[in-house]
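Trainee: Supplied in structure tokens, the structure appears directly below.
Values quoted throughout were computed directly from the atomic coordinates according to the rules given, and no laboratory measurement underlies them. Just so we're clear, the structure is a prediction, and the values are computed from it rather than from any experiment. Note that each Cβ is placed from the backbone with ideal geometry, even for glycine, and that neighbours are counted across all protein chains shown.
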Amino acid sequence: MQRQGRQEHVAARPSPKRTSPRRSASRASGRLGVALVGLGSLVLLAGCSAKDAFAFGWPKGITPQADQMYDLWIGSVVAALAVGVFVWGLIFWCVVRYRKRGEELPAQTRYNMPIEVLYTVVPFLVIAVLFYYTAIIQTYVDKRSAKPDVTVDVVAFKWNWQFRYEGTQDDTGATVSETGTSSYIPILVLPTGKKIRFKEESKDVIHSFWVPELLFKRDVMPGFDNQFEVTVRQPGEYVGRCAELCGTYHSMMNFEVRVVSPEKYQKYIELRSQGTSTPDALEAIGYTGKERYAITTEPFNTKRDAARDKK
Ligand SMILES: [Cu+2]
């Protein structure tokens, strides 16, 4: 009979080999190794370089303050990974070593004082170390020098910015300043390697002064004298934004920061003091053509019915 034949065939098959626990444990650790190598390759391929991959997602900053924050981030991630790998290791080891082999339960361990003390004390130590470094770096990032080299008054209003260079005077006797409008992006020119203090002031609601590359933002609050200080290492053009939802045109409240050499900064301020316009003063320090105006962002259409008109 056909049915019988099939049974015979099944019976003739060699019985599956019993794998020893040690062999299956080594196979499992082999698979784990392959998975980790795969994960590592994925991280490396996703980043542009090894340094990017080992930044663990931390963006690049342009200030010494940002470098310190990077160190804190790396330290925290390494600590988290060390704890994670240890815990995952214990879990996988238990899964393989104590998997069910029969009806008999393995030895049950409870109230093991050394272990309980260990897993109370070690997390406390980890948190204490992280807290210590967080406090140290936060204090460093928030530090203000007795005498900054440049002080900029940052005035936020719905929905734009005004920057005033303290200690300067233009041809009308007023402080050299830069004010944005809905058709003009304000450009804030700053020198490299100098201690720059920002003094914030809001004319209406809460805004937030944010240049992503500084890896820092501080709220601009009515009635509060919020300040902070940075030293910018790298020249370049950086977009600045309002990072606090402040109303209808919040998303359009952009500005640009131009970081130039101290000599160019000095020349720019001198020209502005003589009454030269921002685009002309920028041209005099090497920004020509379209670069006389903002290049990292552009004025948005603030007409409320603009979207409707497009349809
Ligand atoms: Cu705002």
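Trainee: Below 9 angstrom from the Cβ of G275, what's the summed charge of the other residues (Lys, Arg +1; Asp, Glu -1)? Please list the in-between numbers first.
Mentor: On the way: positive: R272; negative: D170, D171.
Cβ neighbours under 9 Å give a net charge of -1.
Trainee: Another one. Between rounded, prolate and oblate, where does the range 159-299 land on the alpha carbon gyration tensor, with a ≥ b ≥ c its root eigenvalues, rounded for a/c under 1.5, else prolate if a/b exceeds b/c? Mind dumping the intermediate values first?
Mentor: On the way: a/c = 1.44, a/b = 1.39, b/c = 1.03.
Rounded shape, in that the Cα axes give a/c under 1.5.
Trainee: Quick one: dipole size for the range 150-301, taken about the Cα centre, charges +1 on Lys/Arg Cβ and -1 on Asp/Glu Cβ, in debye to the nearest 20. Let's see the in-between values first.
Mentor: Working: 17 positive and 21 negative charges, 57 e Å.
Computed about the Cα centre, the dipole is about 280 debye.
Trainee: Order of 136-145, 55-64 by packing, highest average Cβ count within 10 Å first? It would help to have the intermediate numbers written out before the result.
Mentor: Working: 136-145: 12.7, 55-64: 16.4.
Ranked by mean Cβ neighbours within 10 Å, highest first: 55-64, 136-145.
Trainee: Loop only per DSSP, at most 15 neighbouring Cβ atoms within 10 Å: give me the chymotrypsin sites (Phe, Trp or Tyr not before Pro) in the range 238-273, ordered by residue number. Walk me through the numbers before you get to the answer.
Mentor: Working: sites: Y238, Y249, F255, Y265, Y268; in loops: Y249.
Of the chymotrypsin sites (Phe, Trp or Tyr not before Pro), the ones in loops of the range 238-273 whose Cβ has at most 15 other Cβ atoms within 10 Å are Y249.
Trainee: Shifting gears a bit: Based only on other Cβ atoms within 10 Å, what is the fewest-to-most ordering of H250, H207? Show your work: numbers first, answer last.
Mentor: Numbers: H250 17, H207 30.
Lowest count first: H250, H207.
Trainee: Which of the GluC sites (Glu not before Pro) found in the range 148-241 are in a DSSP loop and have at most 14 neighbouring Cβ atoms, other than their own, within 10 Å?
Mentor: Details: sites: E166, E178, E200, E201, E213, E229, E237; in loops: E166.
For GluC sites (Glu not before Pro) across the range 148-241 that sit outside H, G, I, E and B with at most 14 neighbouring Cβ atoms in 10 Å, the list reads E166.
Trainee: Collect residues whose amide H, placed 1.01 Å from N in the peptide plane, falls under 5 Å from the amide H of C242; neighbours closer than 5 in sequence don't count.
Mentor: Answer set, sorted by chain and number: M253.
Trainee: Taking 23 Å as the cut-off for C-alpha to C-alpha distance, list the pairs among K60/K194; K194/K267; K264/K290; K199/K303 that go past it.
Mentor: Numbers: K60/K194 20 Å; K194/K267 15 Å; K264/K290 19 Å; K199/K303 32 Å.
Going by Cα-Cα distance, K199/K303 fall outside the 23 Å limit.
Trainee: What is the distance in Å between the Cα centroid of the range 85-119 and that of the range 184-223?
Mentor: If you average the Cα positions of each part, the centres end up 54 Å apart.
Trainee: I need to check one value: relative contact order of the range 150-301, counting alpha carbon pairs closer than 8 Å and at least 6 residues apart, in percent.
Mentor: Details: 345 pairs, mean separation 39.4, N = 152.
26 percent.
Trainee: I've got another one for you. So for V95, V154, fewest C-beta neighbours within 10 Å to most, what's the order? The partial results should precede the final answer.
Mentor: Values: V95 11, V154 23.
Least to most surrounded, the residues fall as V95, V154.
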